[in-house]
Amino acid sequence: MRWMCMGLLVCAWVVTVAGFELDEGDDSKYVPNAYVVEMDSLSALGRRSDESVHDSIYRHMKRRGILFDVKNEYDTPDIMIGASMNLKDLEKVRTVPGVRHIQPVLRIRRPLPVHHTTIESPNDPNVPKNALSTHLMTGVDKAHAKGLFGEGIRIGIVDTGVDYTHPSLGGKLGKGHKVIGGHDFVGDHYNGTNDPTPDEDPLDQCSGHGTHSAGIIGADPGNIFGISGVAYKASLGAYRVFGCNGSTSDALIVGALIRAYNDGMDVITLSLGGVDGWTEGMGSVVASRIASHGRVVIVAAGNEGSVGSWYTSSPSNGVNTVSVGSVDNVVIPTQNITVKGVEHNPISYLQALPLNVTDDLPIYATSNDTTSKNDACEPLPPSTPDLSSHIVVIRRGGCFFTQKLDNAAKFGAKTFLIYNTDDGEFSGIAVGNYTAVLITADDGKWLVNQYAAGAPLRLHFPAEGAPFNIPDPKGGLVSSFSSYGPTYDMYFKPALVAPGGNILSTYNTKNGSWAVRSGTSMAAPFVAGASALFLEAKGKSRESVERMRDLMQTTAVGVKSNVTEDSVYQTASQQGAGLLQVDRAIWTKTIVRPGQLMLNDTVNFVSTHTISISNSYDHPVTYKLSHVPAGTALTIQANSSEPSKGPVPLVPAFATAEIQPSEVTIRPGHSKDVTIKFAPPSNVNPKQLPVYSGFIRIASPDEALKVTYLGAVGSLRAEPIIDQTEQYFGPGIQLPIVLDADALPQFGELNYTMDKHDYPSVAYRLTFGSPLVRLDLVDKDFALQKHAKTKRSAMWFEDAGDKDTVPTLGPLDILRYTPRNGYDAEPKLNGYNHYTFRGFFANRTRVDNGQYRILLRSLRVTGDRNSEADTESWLSPVIGVNHQPIPL
């Protein structure tokens with residue numbers, strides 16, 4: 001989908017025929033007609049003694065004439081009783097005794113790394129220096145030195161499966177091996193739209209994502225790269241929820257979480273999810289329940305840092321889960337090129353193993369201008385020579401890498417060096433099937449200048465002996481891709497950060513066995529491994545599990561916003577409590593609780609908090625407390641309702657914290673409480689919904705810990721939700737819009753036959769999250785102003801007794817706990833929401849022929865659904881329903 005415009009107002013929407021058939025395709029946010037029905041314990045339902053809870057519900061549904069098709073059942077009373085099923089008549093289902101909740105099934109996109117470099121042939125006998133840099137950054141090396149390797153701990157990996165045939169992952173599946181078991185919920189051919197084919201073998205040899213996660217946790221030492229997993233003596237369980245292609249659903253993820261729980265996994269890690277921004281998503285709720293029953297649940301926060309705040313993923317948003325963001329590795333594994341013919345240092349390229357280039361070759365630069373922003377984006381001139389015996393040098397930027405490479409390949413080019421821009425990230429690039437690698441901006445400029453001067457240089461690619469780690473200038477900082485919180489209900493997400501940028505780990509044996517990848521998908525399994533070290537040291541009791549997050553947060557190291565010494569700390573809405581230090585979490589003698597303080601927004605401001613400090617030393621200890629503020633994030637753009645894109649702007653406007661007492665002496669084995677009274681920053685614009693944060697530092701002569709706080713200036717309830725501007729699609733196209741059968745905007749009255757593809761759809765966009773969004777059908781003469789001051793306007797959702805006091809004809813679509821949209825102009829990337837009206841109400845009752853409008857309403861965050869003042873509304877143009885007679 002794209003917009004094509006001529007001038008300012010003449011625009012046409014160019015789409016494929018199925019571009020808006022989102023209810024039936026893989027681009028839909030929801031699986032069509034699929035719901036999870038959560039059930040109560042039905043002791044009062046009058047069920048027969050030999051009848052299961054599920055059978056009782058099914059019996060009542062059949063009595064009401066409800067058609068349903070059960071896909072999966074959940075039967076773990078501590079966590080969830082229910083079933084995923086295909087349904088159409090939701091209103092009748094809500095009247096069934098014992099039905100607690102009904103949630104639409106979300107489609108979850110396949111987890112993809114931000115950057116990826118595959119290593120095709122692990123035959124280099126040399127290993128890179130500082131291979132265990134991530135262990136040094138986080139204290140894992142110190143835990144290993146004390147003999148902690150995760151032995152006796154079981155870690156469940158809910159992901160794409162694991163290639164356990166990898167030599168560093170044990171080679172086999174089953175008892176006595178590293179991967180002790182698991183379950184494949186889907187099969188290779190599942191793509192999110194077809195039926196899964198489950199079995200007991202979680203082997204994945206087509207994706208690699210779960211295998212990379214497994215190596216971060218448990219890769220055996222002794223490999224050619226000198227790396228090892230954080231907890232390589234732990235036992236792993238693999239729970240596969242993705243096929244080789246396509247997406248999955250949160251219903252399958254819930255099933256995998258429950259299976260891992262029932263299999264006795266001590267730690268469950270998920271490097272997947274979908275943007276929701278709420279703690280109430282089904283995956284988040286189930287993950288949180290599992291965590292509340294004494295298991296550690298670690299979840300990646302998401303890779304949408306560029307989209308801005310209020311954008312973390314489910315199930316990482318679970319109240320009791322540990323949501324993990326990413327910091328960049330301090331080193332980048334590279335190989336070196338030897339320069340011949342001209343004196344110059346070796347040139348590093350981003351690849352873990354050397355390229356298979358056996359000859360010393362000259363270079364060819366596609367442009368002598370090192371400032372060109374579109375180098376090789378257009379076809380190369382006909383005068384370009386045969387490039388088959390050259391190394392082609394191209395500047396990054398302006399178009400896709402593959403487009404540049406395609407243009408050069410037309411002249412026989414086989415090997416490419418792409419040099420970075422001055423501000424580009426030095427990380428993996430997507431080059432398709434080409435032999436192309438990234439080099440630094442300085443090295444690229446030097447090569448181009450040498451080429452322009454006619455220097456006789458040739459490049460040599462050593463087959464061995466050239467691995468090299470270069471320092472990452474952004475190493476240790478929060479990765480730019482790492483998602484920002486907090487949640488709309490003001491929960492603290494992410495909880496902390498761990499290494500996730502440029503991580504070398506295992507990969508599918510059929511696709512190279514090793515890879516360097518970046519993403520919070522890499523940070524989450526790192527914390528899962530660290531959790532295993534913690535449980536090995538502290539025991540697996542519920543008390544240990546409950547204390548672990550607090551200990552990891554209070555002992556974490558705060559991360560600055562950039563590399564300069566005087567920079568402010570990064571907002572806690574992206575770094576959480578800071579960078580994990582697992583050795584300190586295990587052996588600290590000072591226990592501080594809680595690890596995080598939520599101050600809420602201005603309307604619901606909680607100014608006073610109490611923290612408890614416990615002394616486990618064998619002597620009295622004096623602690624001094626101080627306030628260390630972080631940068632305040634301006635989460636909404638100035639003079640706009642749009643959230644700020646990442647990196648979210650930070651300003652040095654700080655809260656104040658009055659600490660009483662600011663110094664305490666605590667006897668061994670005793671605790672004392674300290675009270676902190678906060679005041680939010682005053683020199684910020686509340687319309688930009690600034691999120692402020694920082695740390696209360698607790699320092700003794702031997703230790704320094706901290707408690708992280710976070711709050712918002714302004715009102716979440718006042719934040720606009722429905723985008724009713726022309727900013728998204730351009731002049732003349734004001735959202736929301738009705739699209740006709742040709743996917744063109746409808747501006748006046750229009751009739752539809754509701755036959756084949758002749759029906760309308762609504763495209764709308766939310767600039768902030770909403771706990772309740774609904775579309776209703778209303779009479780053509782309905783007018784919003786008649787109800788603007790109505791005192792009560794119940795937005796009924798699932799309580800059988802609620803009735804909508806606005807004169808609607810019936811609901812068309814109802815969405816609960818909906819996230820805001822992003823910026824990409826595609827629904828599959830959460831660019832906007834889409835509803836297709838096919839002439840039926842939500843309960844599948846057919847709408848009579850006639851003239852109608854569609855009413856869109858959204859409830860504001862923390863709003864009262866019975867208050868019109870807390871509801872935003874939009875009314876469509878007149879839509880004519882003209883069902884054609886069914887032929888006899």
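Quick one: in the stretch 606-654, which of the residues that are part of a strand (DSSP E or B) and of a type in the set (Gly, Ala, Ser) is surrounded by the fewest Cβ atoms within 10 Å (Cβ to Cβ)?
Ranking the qualifying residues of the stretch 606-654, first place goes to Ser612.
Could you list, in sequence order, the residues of the stretch 386-421 that are among the polar types (S, T, N, Q) and surrounded by 18 or more Cβ atoms within 10 Å (Cβ to Cβ)?
Asn407, Thr415, Asn420
Mind checking which pairs have a first residue in the stretch 392-418 that is not assigned by TED's automatic domain parsing to the domain that holds Val431 and modelled with pLDDT of 95 or more and a second that is of a type in the set (Asp, Glu) and crowded, with 17+ Cβ neighbours inside 10 Å, Cβ under 9 Å, 6 or more apart or different chains?
That search, which allows pairs on different chains as well, returns nothing.
Test each condition in (1) more than 22 Å from Gly831 (Cα to Cα); (2) touching a residue at least 24 places away in the same chain (Cβ under 8 Å); (3) aliphatic (A, V, I, L, M) for Val738 and report the one that comes out false.
So the condition that Val738 fails would be (1).
Determine, yes or no, whether Ile217 is in contact with a Gly (Cβ under 8 Å, 6 or more places away or on another chain), part of a strand (DSSP E or B) and β-branched (Val, Ile, Thr).
No: the conditions fail for Ile217.
Can you tell me which of Asp276, Asp328, Asp250, Asp266 is modelled with pLDDT under 95 and under 25 Å from Ala143 (Cβ atoms)?
After applying the criteria, what remains is Asp328.
Which of the residues spanning the stretch 528-557 are assigned to a loop (DSSP other than H, G, I, E, B) and among the charged types (D, E, K, R)?
Lys540
Within the bounds of the stretch 705-712, is there any residue that is in contact with a Leu (Cβ under 9 Å, 6 or more places away or on another chain) and surrounded by fewer than 21 Cβ atoms within 10 Å (Cβ to Cβ)?
no
With the condition kept exactly as written, say whether any residue in the stretch 347-356 is within 21 Å of Lys445 (Cα to Cα) and in contact with a Lys or Arg (Cβ under 9 Å, 6 or more places away or on another chain).
no
Pick from Gly246, Gly274, Gly255: which is over 17 Å from Pro525 (Cα atoms), surrounded by fewer than 24 Cβ atoms within 10 Å (Cβ to Cβ) and in contact with a strand residue (DSSP E or B) (Cβ under 6 Å, 6 or more places away or on another chain)?
Gly274
What's the total number of residues in the stretch 622-651 that are of a type outside the set (D, E, K, R), closer than 25 Å to Ile611 by Cβ and over 21 Å from the mean Cα position of the chain (by Cα)?
Summing the residues that are of a type outside the set (D, E, K, R), closer than 25 Å to Ile611 by Cβ and over 21 Å from the mean Cα position of the chain (by Cα) in the stretch 622-651 gives 10.
Could you check Ser541 against (1) crowded, with 19+ Cβ neighbours inside 10 Å; (2) in contact (Cβ under 8 Å) with a residue 60 or more places away in the chain and say which number it fails?
Failed condition: (1).
Filter the stretch 735-750 for residues that are among the hydrophobic types (A, V, I, L, M, F, W, C) and not in a loop (DSSP other than H, G, I, E, B); which is surrounded by the fewest Cβ atoms within 10 Å (Cβ to Cβ)?
Among those that are among the hydrophobic types (A, V, I, L, M, F, W, C) and not in a loop (DSSP other than H, G, I, E, B), it is Leu750.
List every residue pair whose Cβ atoms sit under 9 Å apart, with the two residues 6 or more apart in sequence or on different chains, where the first one lies in the stretch 422-443 and is in contact (Cβ under 8 Å) with a residue 12 or more places away in the chain and surrounded by 15 or more Cβ atoms within 10 Å (Cβ to Cβ) and the second, anywhere, is among the acidic types (Asp, Glu) and part of a helix (DSSP H, G or I).
Filtered contacts from the stretch 422-443: Tyr434/Asp406.
With Val339, Val324, Val319, Val299 as the choices, which residue is part of a strand (DSSP E or B), surrounded by fewer than 24 Cβ atoms within 10 Å (Cβ to Cβ) and in contact (Cβ under 8 Å) with a residue 24 or more places away in the chain?
When all the criteria are applied, what remains is Val339.
With respect to the numbered conditions (1) at negative phi; (2) surrounded by fewer than 24 Cβ atoms within 10 Å (Cβ to Cβ); (3) out of contact with any Pro (no Cβ under 9 Å at 6 or more places or on another chain); (4) in a loop (DSSP other than H, G, I, E, B), which one is the sole condition not fulfilled by Met265?
Against the list (1) at negative phi; (2) surrounded by fewer than 24 Cβ atoms within 10 Å (Cβ to Cβ); (3) out of contact with any Pro (no Cβ under 9 Å at 6 or more places or on another chain); (4) in a loop (DSSP other than H, G, I, E, B), Met265 comes up short only on (2).
Does the stretch 128-173 hold any residues that are more than 27 Å from Leu257 (Cα to Cα) and not in a helix (DSSP H, G or I), and which are they?
Pro128, Lys129, Asn130, Ala131, Leu132, Gly139, Lys146, Gly147
With the condition being of a type in the set (Asp, Glu), at pLDDT 75 or above and farther than 30 Å from Tyr759 by Cα, I'd like the strands (runs of 3 or more DSSP E) fully within the stretch 1-118 carrying at least 2 qualifying residues.
Those strands (runs of 3 or more DSSP E) span 68-76.
Tally time: how many residues in the stretch 364-392 are over 34 Å from the mean Cα position of the chain (by Cα) and under 14 Å from Phe411 (Cα atoms)?
Going through the stretch 364-392 one residue at a time, the tally reaches 18.
Please go through (1) surrounded by 19 or more Cβ atoms within 10 Å (Cβ to Cβ); (2) at pLDDT below 95; (3) not hydrophobic (A, V, I, L, M, F, W, C) for Glu565 and return the number of the only condition it doesn't satisfy.
(1)
The values are calculated or read from the model by the stated rules, or taken from the named source; none is laboratory data. As the structure is a computational prediction, the values presented were derived from the model and not from experiment. Positions of Cβ are backbone-derived with ideal geometry, glycine not excepted, and every protein chain shown enters the neighbour counts.
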